[in-house]
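Accompanying notes for the structure given below.
The values are calculated or read from the model by the stated rules, or taken from the named source; none is laboratory data. Since the structure is predicted, the reported quantities are computational estimates derived from the model, not experimental observations. All accessible areas refer to the heavy atoms of the entire protein, side chains included, with ligands and DNA or RNA removed. Shrake-Rupley method; radii C 1.70, N 1.55, O 1.52, S 1.80 Å.
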Amino acid sequence: MTTKTRLLRRGFVLEYTTLAWNVVGVIVLAYAAIAARSVALAGFGLDSLIEIGASIVVVWELGDVGEARQRRALRLIGGAFMILALYIFVQSVVVLATGYEAKHSPTGIAWTAV
């Protein structure tokens with residue numbers, strides 16, 4: 001087995017591990033965000049959702065590394081983070097304008113610590 005093949009296999013294992021971790025994270029953070037009605041936890045969960053997309057893009061990218069494909073992948077990931085930033089901005093303005101205070105979330109604290 002060549003070095004390139006070993007590294008490619010390792011890359012796939014790492015990306016699939018990251019993908020699995022983030023899928024669990026989205027589920028845990030969705031529960032915690034709803035229970036605490038927390039914009040911060042919802043944003044953290046959406047970030048994990050974007051990371052799932054990024055992992056899928058990286059797996060797609062590992063299949064064929066072309067310059068055009070890399071640019072498209074980076075644009076997709078960048079666009080997703082821009083949407084997340086806009087969501088957090090809008091939700092933060094709403095929360096500040098209404099004076100809403102989120103509840104504490106032991107689940108959110110534990111997940112963040114992990």
>> Ignoring ligands, DNA and RNA, please state the percent of accessible area on segment 41-114 from carbon and sulfur, probe 1.4 Å.
In response: 70
> Taking a probe of 1.4 angstrom, what is the accessible area of ARG9 in Å², to the nearest 10?
Replying inline: 130
>> Probe of 1.4 angstrom, ligands and nucleic acids ignored: what's the accessible area per residue over the chain, in square angstrom?
In response: 69
> Hey, how many Å between the Cα centroid of segment 4-28 and the Cα centroid of segment 80-114?
Replying inline: 26
> Relative to the longest principal Cα axis of the chain, at what angle does helix 39-63 sit, 0 to 90 degrees, rounded to 10?
Replying inline: 10
>> Between helix 3-36 and the chain, what is the angle of the helix's C-alpha long axis to the longest principal axis, kept within 0 to 90° and rounded to the nearest 10?
In response: 10
